[in-house]
Structure formats: structure tokens, C-alpha cells
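The values are calculated or read from the model by the stated rules, or taken from the named source; none is laboratory data. These numbers were taken from a predicted model, which means no experiment stands behind them. In this analysis, Cβ positions are derived from the backbone assuming ideal geometry, glycine residues included, and neighbour counts consider all displayed protein chains.
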Amino acid sequence: MKVGKNRSKNVFGGIFLDQRQRRAMIAKIFDENTITTQDQILKILNELGVNVTQATISRDMKALNIVKMSTDDGKTVYKQLKVQTKKNYEKLYSEIYENVLGLQTIQFINLIKTSANLGYANILAARLDDLEIPEIAGTLAGNDTIVVFSKNNEDAKYVYDLIYEHMDDSLK
């Protein structure tokens with residue numbers, strides 16, 4: 001990745017990027033690499049001549065919706081949630097917390113048990129579809145159960161982790 005001529009050097013000799021430029025660079029790094037630690041992203045940025053602190057990286061990752069996820073082989077990696085808006089995801093998280101009662105994965109399929117209030121499964125399935133989460137191929141909903149299809153086991157694990165993380169702790 002090349003750093004353009006229009007970026008000035010900071011006092012530490014590295015390249016100065018404003019927040020927007022730095023976050024765009026971080027997002028691109030996550031798209032092109034498998035990142036397992038925040039130190040790894042710091043090292044890549046330093047190799048590119050960008051000097052930032054661990055605290056700045058943490059804030060940028062939170063703003064970019066980059067979260068820890070488990071792979072099928074048990075390794076932890078960071079992945080960026082591709083979101084329409086942060087507000088839509090916050091609503092999803094709230095609805096998961098309030099209405100998801102159980103979660104199970106069978107290969108590339110997640111089964112979500114919801115409260116039977118007002119056919120809530122249909123509402124949550126529609127929200128998942130509207131967010132166009134790349135790891136979700138499609139959903140089917142009944143009155144209190146959602147079947148979430150993914151293309152493979154790894155994508156299903158990603159969806160499981162996303163939902164499980166936001167469930168009421170007393171139900172886990």
C-alpha cells in the first residue's frame with residue numbers, strides 16, 4: 001500500500017494521517033489481511049510509516065465495527081462488521097438481548113429460538129435480512145424460531161458469535 005505525496009510527516013518522523021484517512025487505511029488492512037492481534041495492526045501501520053498509539057487503534061477499531069471472532073479451528077481473529085449504519089446494529093443487538101432465548105449451530109445453519117411475543121421471529125429475521133450481513137445467505141422464520149443459512153461453517157460460526165455475544169447472559 002503506497003502512502004500518497006500529499007501527506008505530511010509528523011514530529012516523530014512518521015506520516016501524519018487525519019482520522020478519516022487513518023481509518024480508511026485500517027479498514028483496507030483488515031480487508032487484505034488476517035489480523036489476530038492489535039499489535040499486528042500496529043506493526044503493519046508502523047511498517048507503512050504511520051505512527052499511532054494502541055489507544056488510538058482501539059478507538060478506530062471500535063468505530064469501524066471491528067470485533068474479535070472465533071474461527072472453526074478455534075483461533076481468534078478480528079473481522080470488520082460491514083454495517084449499513086451503527087444505529088441499525090444497535091437496534092439488532094437490543095432486540096437480540098430482549099427476545100432471543102436460545103441459539104444452536106448445525107454445520108452451516110443457525111437455529112434461533114425467540115420469544116413467541118407477536119411472532120417475533122419474523123421481525124428479527126427481517127432485521128437480519130435488511131442488514132445484508134455477508135455471512136448470512138438467507139433466513140426462514142416461524143412464530144418463535146428462525147433458521148439462518150450461511151454459505152459455510154465458518155460464516156455460520158461468525159453469525160453464531162454475533163448473536164451469542166448480544167444475548168442476555170442469564171440465557172447463555
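Which residues, taken from the stretch 90-124, are over 21 Å from Asn65 (Cα atoms) and buried (at least 19 other Cβ atoms within 10 Å of the Cβ)?
Selection gives Asn99, Val100, Leu103, Asn110, Ile112, Thr114, Tyr120, Ala121.
Of the conditions (1) at pLDDT 95 or above; (2) in contact with a His (Cβ under 7 Å, 6 or more places away or on another chain), Thr145 fails just one. Which one is it?
Unmet condition: (2).
Can we say Gln104 is in the same structural domain as Ser150 (by TED's automatic domain parsing), out of contact with any helix residue (DSSP H, G or I) (no Cβ under 6 Å at 6 or more places or on another chain) and at pLDDT 85 or above?
yes
Which condition number in (1) crowded, with 18+ Cβ neighbours inside 10 Å; (2) of a type outside the set (S, T, N, Q); (3) in contact (Cβ under 8 Å) with a residue 40 or more places away in the chain is the one that Leu171 fails?
Condition not satisfied by Leu171: (1).
Yes or no: Lys151 surrounded by 17 or more Cβ atoms within 10 Å (Cβ to Cβ), outside the structural domain of Lys62 (by TED's automatic domain parsing) and under 28 Å from Asp31 (Cβ atoms)?
no
Could you grab me the full set of residues in the stretch 38-56 that are loosely packed, with under 12 Cβ neighbours inside 10 Å and assigned to a loop (DSSP other than H, G, I, E, B)?
Thr53
Within the stretch 131-172, track down each residue that is part of a strand (DSSP E or B) and closer than 14 Å to Asn99 by Cβ.
Residues satisfying the conditions are Ala141, Thr145, Ile146.
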